[in-house]
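Computed from the coordinates by the stated procedures, all read-outs in this text should not be read as laboratory data. Bear in mind that the values here come from a model prediction, so they are computed numbers and not experimental data. Note: ideal-geometry Cβ built from the backbone for every residue, glycine included; neighbour counts use all protein chains shown.
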Amino acid sequence: MTPAQRDQLFQRHPGNPILTAANWPHTVNAVFNPGAVQLPDGTTLLLCRVEDRRGISSLWCARSADGVSDWKIDTEPALLPDAQNHPEEAWGVEDPRIVWLEELQRFAITYTAYSPAGPAVSLVLTADFSNYERIGVVIPPEDKDAALLPHRFGDRWLMIHRPRTGLGSDIWLTESPDLVHWGRHRLLLAARRGAWWDANKIGLGPPLIKTERGWLMLYHGMRQTAAGCLYRLGLALLDSADPGRVLLRGTEWVLGPRENYERQGDVADVVFPCGATIGPDGDTVNLYYGAADTSVGLATARISELLTWLEGHSAAPEPVGF
């Protein structure tokens, strides 16, 4: 093993990219940024963002017994933009995150609804990925990169989201009594400034992962360089009982564009995860990510190793506020 390989917490699957436009049953431009969930029968379901040649995205289900190969693509999209009834989707539906809500016996899918008004956070519920209950916009533009936490805290649901403000793009937390009305928005994690890898613009990756030490957050950071934007992945840890409290935040990125399929595509130099599943051992995380806004990659890591790394590569949490 080379020194470079030893430094990699995430191991890319040798068959990457595992899904591309060529897998689809009709002509599309790109397949990327999937939400992910493991169904009760062990099947891995990816809810993929599929961009057609107009530039409009819809969401499609792809299923695999092993989460790696032999993907079965549904014959119809799970969610098409519905501009007539949902004008906030006029320019597409994008970047889903999926969370199982035990209380409701439903999967909650948060996604970006895109229109001339800008990106907004929309919510849909499903029990079977065949029938969908649209809740509609829950946070207006400009906002995206949202995911629910899987259970209530007290009597409130919590959701992480990423509004665009005058200072940049930071990660916020909001709460709701009913999944429809959201308030008490508060800053959770601020983008750093200057030369940092996560300067000026950050956002949630997959939904939070519950661990014995707290909620593990994988988040993307965007650095503006002379050659363009560079998207990489970092780690933070939130308090188990109070996810509004940041315990640790990594100082370095842990996954960045390296391979050709991550560095060349519709948007160069991007790794952008929206979904993850946990292996049977309870320690392996399977991270599904968009590569260069063109295809889907898979990388695996050990949650225990991510937590150990985070403890040794963290700065004191910075105070947040308005």
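Remarks
- The chain, relative contact order in percent, only Cα pairs under 8 angstrom and at least six apart counted: 16
- If you wrap region 49-98 in the convex hull of its Cα atoms and look at it from every side, the mean projected area works out to 4.4 nm².
- Counting only lysines at least 8 places from K201 when in the same chain, those with an alpha carbon closer than 26 Å to its own are K144, K210.
- Considering helices alone, the calculated mean residue ellipticity of the chain at 222 nm is -1500 deg cm²/dmol, with DSSP H runs of length four and up weighted by -39500 (n - 2.57) and normalised per residue.
- Amide H contacts of E142 (H built 1.01 Å from N, under 5 Å, at least 5 apart or other chain): R164
- D178-K210 pseudo-label distance in nm [points 7 Å out on the Cα-to-Cβ vector]: 2.6
- Cα-based radius of gyration for region 183-322, normalised by 2.2 N^0.38 Å, reads 1.04.
- Potential lengthening of the chain between W100 and Q8 amounts to 30.1 nm, from the contour at 0.36 nm per residue minus the alpha-carbon distance.
- Karplus (6.51, -1.76, 1.60) ³J(HN,Hα), θ = phi - 60°, over region 97-113, in Hz, Gly and Pro reported as x: 10, 10, 9, 7, 9, 4, 4, 9, 6, 9, 8, 9, 10, 9, 8, 8, 9
- Extended-chain gain in nm, criterion 0.36 nm per residue less alpha-carbon gap, K72 and R134: 19.8 nm
- Gained length - H313 relative to T27, 0.36 nm times residue gap less alpha-carbon distance: 98.5 nm
- Gyration tensor verdict on region 9-315 (Cα atoms; rounded if a/c is under 1.5, prolate if a/b is larger than b/c, oblate otherwise): rounded
- Region 9-315 - charge dipole about Cα centre, Lys and Arg +1 at Cβ, Asp and Glu -1, debye rounded to 20: 820
- Using the Karplus relation 6.51 cos²θ - 1.76 cosθ + 1.60 with θ = phi - 60°, the per-residue 3J(HN,Hα) values for region 263-277 come to 9, 10, x, 4, 10, 5, 6, 9, 10, 9, x, 10, x, 8, 10 Hz, with x marking Gly and Pro.
- Neighbour counts of other Cβ atoms within 10 Å put K72, K144 in the fewest-to-most order K72, K144.
- The relative contact order of region 153-241, computed from alpha carbon pairs under 8 Å that lie at least 6 residues apart in sequence, is 20 percent.
- Relative to one another, the C-alpha centroids of region 8-53 and region 283-308 are positioned 13 Å apart.
- Couplings 3J(HN,Hα) for region 32-40, derived from phi with the Karplus relation 6.51 cos²θ - 1.76 cosθ + 1.60 (θ = phi - 60°), are 6, 6, x, x, 9, 7, 9, 6, x Hz, where x marks Gly and Pro.
- Neighbour counts of other Cβ atoms within 10 Å put M217, M222 in the fewest-to-most order M222, M217.
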